[in-house]
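FYI, it's all coordinate maths here, none of it is from the lab. Just so it is clear, the structure is predicted and the values come from calculations on it, not from any experiment. FYI the Cβ positions are ideal-geometry reconstructions off the backbone, even for glycines, and counts take in every protein chain you see.
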Amino acid sequence: MTLAAPRTLTIATRESRLALWQAEHVRALLQQHGHAVELLGMTTLGDQILDRSLSKVGGKGLFVKELELALEQGRADLAVHSLKDVPMELPTGFELAAVLQREDARDAWVSPHCAGLAELPHAAVVGTSSLRRVVLLRALLQELGRSDVRIEPLRGNLDTRLRKLDAGQYHAIVLAAAGLMRLGLEARIRHRFEPEQMLPAAGQGALGIEVLASRPELAQALQPLAHGPSWAAAAAERAVSRTLGGSCSMPLAAYATWVQAPAQERLEAGGTLQLQAAWGEPEGEPLLLRASASARVDSLAAADALGVQVAQQLQRAGARGSGPAGHASAPAA
Ligand SMILES: NCc1[nH]cc(CCC(=O)O)c1CC(=O)O
């Protein structure tokens with residue numbers, strides 16, 4: 001049976017403020033292209049256990065699985081995700097139909113009292129739960145000779161994390177700038193880390209739209225929303241992570257930028273993509289491995305190949321995958 005394009009597109013979304021903002025953003029874009037769009041809000045298992053250790057029960061995939069079930073059962077047509085939280089390999093039958101133009105990929109320093117790392121008082125506490133931020137912060141602190149500063153876990157959605165900061169549990173916290181900007185919380189950002197200081201996570205700052213692979217008419221409808229250069233950058237970054245073991249919660253950073261962008265933002269026109277990655281030893285002596293490469297890229301496949309190449313450099317230098325149940329950081333999405 002072939003399905004006609006649905007009259008109304010339904011977006012399955014988690015109900016956190018960030019997830020709803022993202023779903024509404026995609027709804028507005030689709031409406032601009034003449035589609036009628038509804039949202040289907042859902043509380044995922046991941047949301048229910050946000051404050052427990054997700055790694056013990058299956059990691060970030062928990063946030064995605066229930067949305068996928070809604071797609072499978074035909075209750076929704078698409079799911080909108082922070083690309084950073086989407087597992088490197090989607091389950092059989094699902095595909096990314098579009099990656100939107102990326103916004104700010106950087107990490108942000110949020111602190112009521114301290115303008116930056118260097119201003120932290122003695123024995124200060126910095127909150128973050130991503131292993132990537134932990135290993136990168138440790139390297140920065142080591143450069144500053146600040147072995148007194150402690151990095152403590154920080155979980156919950158964005159509002160919860162800010163509340164914990166304001167309650168005085170931390171001197172500062174590090175969050176993705178994109179999430180704060182989407183929620184109108186940009187004023188909380190004291191500064192953004194340049195990528196040389198704190199390399200972003202694969203896909204950070206980009207939104208991805210997932211559909212059933214068996215519904216090509218949806219992929220077609222979503223094409224006008226896709227941004228080829230952002231998609232290729234994310235594909236290169238995600239390939240690094242996938243090659244190193246597929247977990248989105250490894251102590252891994254991967255960030256691709258166009259040294260020479262494709263003409264008219266059409267990926268097929270080709271350009272030069274530069275990919276940087278870093279892998280940190282999460283325990284023991286701070287150890288940070290870095291790798292980078294650039295290549296002419298005119299397709300997602302070429303971007304993927306660049307990612308594999310950079311991952312292999314890291315592997316040769318000693319980077320290891322974390323296995324399927326790494327330390328999951330809870331999405332604030
Ligand atoms: N891991 C949680 C998560 N997933 C997406 C975002 C923010 C938006 C984005 O990176 O696209 C965040 C919050 C954060 O890391 O601070």
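Divide the volume of the convex hull of the Cα atoms of the chain by its number of residues and quote the answer in cubic angstrom per residue.
Working: hull volume 43.4 nm³, N = 333.
Looking at the chain, the number lands at 130 Å³ per residue.
So what's the range 79-226 giving for Cα Rg divided by 2.2 N^0.38 Å, two decimals?
Compactness ratio reported: 1.20.
Going by alpha carbons, how many degrees (0 to 90, nearest 10) lie between the helix axis of 300-317 and the longest principal axis of the chain?
Helix 300-317 and the main axis of the chain meet at about 30 degrees.
Could you please tell me the mean projected area of the C-alpha convex hull for the range 107-192, averaged over all directions and given in square nanometres to one decimal?
The orientation-averaged projected area of the Cα hull of the range 107-192 comes to 4.9 nm².
I need to check one value: relative contact order of the chain, counting alpha carbon pairs closer than 8 Å and at least 6 residues apart, in percent. Let's see the in-between values first.
On the way: 737 pairs, mean separation 74.9, N = 333.
For the chain, the relative contact order is 23 percent.
At 10 °C and a viscosity of 1.306 mPa s, what translational diffusion coefficient does Stokes-Einstein give for the range 227-318, taking Rh as the Kirkwood radius over Cα pairs? Give it in µm²/s as a whole number. Mind showing how you got there, number by number?
Details: Rh = 13.1 Å.
The Stokes-Einstein estimate is 121 µm²/s.
Using the Cα centre as the reference, give the magnitude of the dipole from point charges on the C-beta atoms of the chain (Lys, Arg: +1; Asp, Glu: -1; all else neutral), rounded to the nearest 20 debye.
400
Helix 61-72: angle to the longest alpha-carbon principal axis of the chain, degrees 0 to 90, nearest 10?
0
For helix 228-243, what angle does its Cα long axis make with the longest principal axis of the chain, in degrees from 0 to 90 and rounded to 10?
Helix 228-243 sits at roughly 60 degrees to that axis.
Hey, can you rank 191-202, 210-221 by average C-beta count inside 10 Å, highest first?
Details: 191-202: 19.3, 210-221: 17.5.
Ranked from most to least packed, the peptides come out as 191-202, 210-221.
Taking R0 as 35 Å, what FRET efficiency do you get between Glu143 and Gln313 from their Cβ-Cβ distance, rounded to the nearest 0.05?
0.95
Separation of the range 108-178 and the range 190-229 by C-alpha centroid, Å?
If we compute the Cα centre of each part, the gap is 26 Å.
Grab the DSSP H runs of the chain that are 4 residues or longer, score each as -39,500 (n - 2.57), total them, divide by all residues and round the 222 nm result to the nearest 500 deg cm²/dmol.
Working: 9 runs with 101 residues, N = 333.
After summing the helix terms and dividing by the residues of the chain, the value is -9000 deg cm²/dmol.
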